[in-house]
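Structure, as structure tokens:
The values are calculated or read from the model by the stated rules, or taken from the named source; none is laboratory data. Source: prediction; values computed, not measured. Note that we place each Cβ from the backbone using ideal geometry, even for glycine, and neighbour counts take in every protein chain shown.
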Amino acid sequence: MDWLLEPWNYEFMRHAIAIGILVGILCPVVGSYLIVQRMALLGDVIAHCVFPGLAISFFLGIDILIGAFTSGILGSFLISLIRSQSRVKVDSAMALTFSTFFALGITLITILKSKLDLDSFLFGDILGVNSYDIYRTAIIAAIILIVVCIFYKELLFYTFDKTGAQAIGLPINIIHMCFMAAITLTIIASMQAVGVILVISLLIGPALTAYLLVKELHQMMMLGACIGAFASLAGVYFSYYNNLPSGAAIVLVSSSLFVLALLFSPSQGVLVKPNAKVE
């Protein structure tokens with residue numbers, strides 16, 4: 001048991017485990033909606049859209065949450081605007097927004113001579129989190145999870161039948177903007193743990209693993225949250241004992257669990273389905 005308890009002797013490891021579990025629970029819940037709406041890449045796009053806001057926040061000396069959230073929402077709004085006002089398809093709109101905001105962020109960092117640690121936001125620095133980061137992530141996670149629980153039926157209807165949701169009077173535009181806000185906040189909360197480059201994997205990986213194992217959306221969210229929490233905890237331990245980057249270790253554990261589900265899922269496993277056909 002010593003190897004299991006040893007990391008808990010260090011405060012930075014306790015902080016890393018705490019924020020890792022929080023992010024591991026939050027990301028798959030939001031990611032489940034992205035997967036069933038076939039918008040998985042939207043998370044990656046918004047993750048890169050926050051860079052201009054990060055650069056401006058650091059330059060002005062304000063909380064990065066304000067700038068990153070504003071920038072991410074502007075990016076998602078731009079995608080929606082391009083889709084609704086032109087013949088441009090959603091994938092093209094996302095590609096254009098992705099590259100534009102990311103380039104703008106890098107340019108602002110250079111022009112403003114910001115002291116932003118670009119590497120920590122690109123690749124994460126989970127071992128550098130403090131109590132404030134944990135509290136902020138916990139508050140974000142609590143708000144999003146509570147809203148999902150309260151409005152689960154409305155979100156379910158909106159996710160699978162937008163036209164029907166609009167017909168019965170649901171405010172689909174407000175739901176859409178709230179959904180974009182939830183994605184942006186989730187990404188901001190996850191940046192410290194795994195970084196912008198890897199956040200899409202934690203956002204999608206555990207939820208996608210659960211997608212192969214269960215059929216109902218609420219089951220997918222709950223199982224995905226359990227998988228995400230386990231992947232974060234296992235990744236932190238793996239990085240501690242093997243001297244590896246923690247964010248990358250978390251993502252590799254998550255991806256490994258997906259491969260196992262892909263191969264051995266009782267209903268959709270690649271190595272299981274042929275046997276079922278023979279029977």
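Numbers at a glance
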| quantity | calculated |
| --- | --- |
| Complete set of residues in the stretch 130-142 that are within 16 Å of Ile187 (Cβ to Cβ) and over 15 Å from the mean Cα position of the chain (by Cα) | Asp133, Arg136, Ile139 |
| Helices (runs of 4 or more DSSP H) wholly inside the stretch 149-256 that include at least 3 residues being under 25 Å from Phe77 (Cβ atoms) | 152-160, 162-167, 172-211 |
| Residue count for the stretch 26-66, restricted to those that are free of Cβ contacts under 8 Å to residues at least 24 places away in the same chain, of a type in the set (A, V, I, L, M, F, W, C) and touching a Gly at 6+ places or on another chain (Cβ under 7 Å) | 0 |
| Check on Leu81, among the hydrophobic types (A, V, I, L, M, F, W, C) and farther than 24 Å from Phe123 by Cβ | yes |
| Val50 vs. criteria modelled with pLDDT of 85 or more, of a type in the set (A, V, I, L, M), under 17 Å from the mean Cα position of the chain (by Cα) and within 25 Å of Thr163 (Cβ to Cβ) | no |
| Some residue of the stretch 138-148 being farther than 27 Å from Ile62 by Cβ and either surrounded by 12 or more Cβ atoms within 10 Å (Cβ to Cβ) or not aromatic (Phe, Trp, Tyr) (or both) | yes |
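A quick yes/no check of all residues on (1) closer than 14 Å to Gly31 by Cβ; (2) at pLDDT below 85; (3) more than 17 Å from the chain's Cα centre (by Cα); (4) polar (S, T, N, Q):
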{"site": "Ile204", "(1), (2), (3), (4)": "yes, no, no, no"}
{"site": "Met221", "(1), (2), (3), (4)": "yes, no, no, no"}
{"site": "Ala225", "(1), (2), (3), (4)": "yes, no, no, no"}
{"site": "Ala231", "(1), (2), (3), (4)": "yes, no, no, no"}
{"site": "Val236", "(1), (2), (3), (4)": "no, no, yes, no"}
{"site": "Ser239", "(1), (2), (3), (4)": "no, no, yes, yes"}
{"site": "Val251", "(1), (2), (3), (4)": "yes, no, no, no"}
{"site": "Glu279", "(1), (2), (3), (4)": "no, yes, yes, no"}
